[in-house]
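Beneath this line is the structure, given in structure tokens, with notes to follow.
The values are calculated or read from the model by the stated rules, or taken from the named source; none is laboratory data. This is a predicted model, so every value here is computed, not measured. Here the Cβ positions follow ideal geometry from the backbone for every residue, glycine too, while neighbour counts run over all protein chains shown.
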Ligand SMILES: [Zn+2]
Ligand SMILES: [Zn+2]
């Protein structure tokens, strides 16, 4: 499958929301609709795309705030089960800071578990790589040679482990798993700019 990938920077923490469109159809995947639903919808429109799947890399608020506004009865929402409680309530951000209370969000349609690796949703085939550490339910998604790493791996850095559910040792193991993946991948992180896995193997102090 050939993909078109668009990055949409959303919300106060400048989270990367990604739209992955199948070149041969209108179907699209939205990864981490973190805020600014209207902006994400306008980019979908520009791309002549309709979201059939919404994938969450983890449950932090800056990756989910626009979830309910983007979802339709035709959209399948997927995430790892270990972060599902973050859609019910947040302990990172109080609703009073936001000025409104989006919790609880609608329940996800699909919860990935530890045995899941290959997934097929909404006409897309992809791999789910469980990479706990930043949160227990953090995952990376692999579409061909495109790797979406959420807050697990950034260009030159990695996600924090000092929030609830964070675990530095688990993150270290998750990064080792990514590092060992054979070949090279374009890396699309949850914040900041794109990179490649080969670049990170060379220059990211957490991957050396
Ligand atoms: Zn996060
Ligand atoms: Zn984030």
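For segment 82-98, the set of residues classified as more than 19 Å from the chain's Cα centre (by Cα) and touching a residue at least 60 places away in the same chain (Cβ under 8 Å) consists of 91 only.
All of 65, 93, 142, 55 fail the test of being in contact with a helix residue (DSSP H, G or I) (Cβ under 7 Å, 6 or more places away or on another chain) and within 25 Å of residue 14 (Cβ to Cβ), apart from 93. Counting residues in segment 124-147 that are over 18 Å from residue 17 (Cβ atoms), surrounded by 17 or more Cβ atoms within 10 Å (Cβ to Cβ) and without any contact (Cβ under 8 Å) to a residue 24 or more places away in the chain gives zero.
Table: residues versus (1) assigned to a strand (DSSP E or B); (2) more than 25 Å from residue 11 (Cβ to Cβ).
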site: 161; (1), (2): no, no
site: 164; (1), (2): no, no
site: 169; (1), (2): no, yes
site: 172; (1), (2): no, yes
site: 176; (1), (2): no, yes
site: 182; (1), (2): no, yes
site: 188; (1), (2): yes, no
site: 193; (1), (2): no, no
site: 200; (1), (2): no, no
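The requirement of being within 16 Å of ligand 1 (Cβ to nearest atom), out of contact with any helix residue (DSSP H, G or I) (no Cβ under 7 Å at 6 or more places or on another chain) and closer than 20 Å to residue 79 by Cα is fulfilled somewhere in segment 121-134, by at least one residue.
The number of residues in segment 150-173 being over 16 Å from residue 205 (Cβ atoms), away from ligand 1 (no atom under 11 Å from the Cβ) and surrounded by 18 or more Cβ atoms within 10 Å (Cβ to Cβ) comes to 1. Residues in segment 96-125 that are closer than 23 Å to residue 2 by Cα and in a loop (DSSP other than H, G, I, E, B): 117, 122, 123.
Taking the criterion of being under 20 Å from residue 87 (Cα atoms), away from ligand 2 (no atom under 16 Å from the Cβ), touching a strand residue (DSSP E or B) at 6+ places or on another chain (Cβ under 8 Å) and part of a loop (DSSP other than H, G, I, E, B), the residues of segment 29-73 that qualify are 71, 72. Looking only at residues in segment 138-190 that are within 15 Å of ligand 2 (Cβ to nearest atom) and on the phi > 0 side of the Ramachandran plot, the one that is modelled with the highest pLDDT is 150. Scanning segment 80-93 for residues that are within 14 Å of ligand 2 (Cβ to nearest atom) and either touching a strand residue (DSSP E or B) at 6+ places or on another chain (Cβ under 6 Å) or modelled with pLDDT of 95 or more (or both) yields 83, 86. Whenever a residue of segment 157-171 is within 9 Å of residue 135 (Cα to Cα), its partners that are away from ligand 2 (no atom under 13 Å from the Cβ) and not in a loop (DSSP other than H, G, I, E, B), lying with C-beta atoms within less than 6 angstrom and at least six residues away or across chains, give the pairs 161/168; 161/171.
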